[in-house]
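Quick note: the coordinates plus some simple rules give every number you see, no bench work behind them. These figures come from a predicted structure and were not determined experimentally. So basically every Cβ, Gly included, is an ideal-geometry build from the backbone, and we count neighbours across all protein chains shown.
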Amino acid sequence: MAEDLRNRFLEEKQYVLEGLQAKESWRLFRILAEFVEGFEVLPKVYPGVTIFGSARTKPDEPDYQKAYELGKLLVKTGFSVITGGGPGIMEAANKGAAEAGGYSVGLNIKLPYEQEPNPYANIKLEFRYFFIRKVMLAKYSKAFVFFPGGFGTMDEMFEILTLVQTRKIRPVPIVLVDKNFWKPLYTWFTKTLVTTGKISESDLQIFTILDEPQEIVNYIKEKLWI
């Protein structure tokens, strides 16, 4: 019985390997093509501020209105606004940036649900691969803003925090929006991660938590000496 199972797995492995060998080389070309397109299109939007947040936020919610106002203020301050290109917070920020007459960048990802491109990005790119999109969301930004969100927002936030903590990217302004939303996570940082030595207390200085669009813009300007 065990021998039969082992032989079946070996046959499946051989089948998978033969299929992958035919596909992997072509996948490299798709990866390179996405990088090349991003590197060709996005330098003109520098300096940008990338705004993250839930795709499920509705237009009548306060966070949507804040993201919309923040997009407008950032453009008026001289920044481009970069988002993941989808609905919710991303749509709101793109809408504010577009209405203020600035670069409103949407870097959309192909997903089976939820992530339809919003109509307010005046520069649009679409990606198959999350890791390439992450590079593009970060490369041309001088600051990062995180509104309340789910797994995707948390994923992006922890990656940016880790890149700054490990000095893989320069220190940049990082703002978490909505003190009530982020307070439980911050408490966990201080009472669990710091006290058990998983992070240093100084790591808490990598980011700040603010509420209002104007104070967010003021903080970014102060940190960047604009």
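The residue that is surrounded by the most Cβ atoms within 10 Å (Cβ to Cβ), among those in region 161-196 that are in a helix (DSSP H, G or I) and of a type in the set (V, I, T), is V164.
Condition check ((1) more than 15 Å from the chain's Cα centre (by Cα); (2) assigned to a loop (DSSP other than H, G, I, E, B); (3) over 22 Å from V177 (Cβ atoms)) across all residues:
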position: P87; (1), (2), (3): no, yes, no
position: M90; (1), (2), (3): no, no, no
position: L107; (1), (2), (3): no, no, no
position: Y120; (1), (2), (3): yes, yes, no
position: F144; (1), (2), (3): no, no, no
position: G152; (1), (2), (3): no, no, no
position: E159; (1), (2), (3): no, no, no
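When T57, T77, T50 are screened for being surrounded by 21 or more Cβ atoms within 10 Å (Cβ to Cβ), more than 15 Å from E156 (Cβ to Cβ), among the hydroxyl-bearing types (S, T, Y) and out of contact with any Cys (no Cβ under 6 Å at 6 or more places or on another chain), only T57 passes.
In region 126-152, the qualifying residues are those that are buried (at least 22 other Cβ atoms within 10 Å of the Cβ) and aliphatic (A, V, I, L, M), and the one that is nearest to A33 (Cα to Cα) is M136. Among the residues of region 48-66, write down those that are in a loop (DSSP other than H, G, I, E, B) and touching a helix residue (DSSP H, G or I) at 6+ places or on another chain (Cβ under 8 Å). G53, S54, A55, T57, K58, P59 - these are the residues of region 48-66 that are in a loop (DSSP other than H, G, I, E, B) and touching a helix residue (DSSP H, G or I) at 6+ places or on another chain (Cβ under 8 Å). With respect to the conditions (1) within 23 Å of L204 (Cα to Cα); (2) surrounded by fewer than 22 Cβ atoms within 10 Å (Cβ to Cβ), G101 lacks only one, and its number is (1).
The residue pairs whose first member lies in region 34-50 and is over 22 Å from I174 (Cβ atoms), whose second member is surrounded by fewer than 15 Cβ atoms within 10 Å (Cβ to Cβ), and whose beta carbons are closer than 7 Å, counting only pairs six or more residues apart or on different chains, are E34/R128. A count restricted to region 187-226 and to residues that are in contact with a strand residue (DSSP E or B) (Cβ under 8 Å, 6 or more places away or on another chain) and under 19 Å from K66 (Cβ atoms) stands at 8.
When residues in region 157-186 are screened for being touching a residue at least 60 places away in the same chain (Cβ under 8 Å) and either in contact with a helix residue (DSSP H, G or I) (Cβ under 8 Å, 6 or more places away or on another chain) or of a type in the set (V, I, T) (or both), 2 of them pass.
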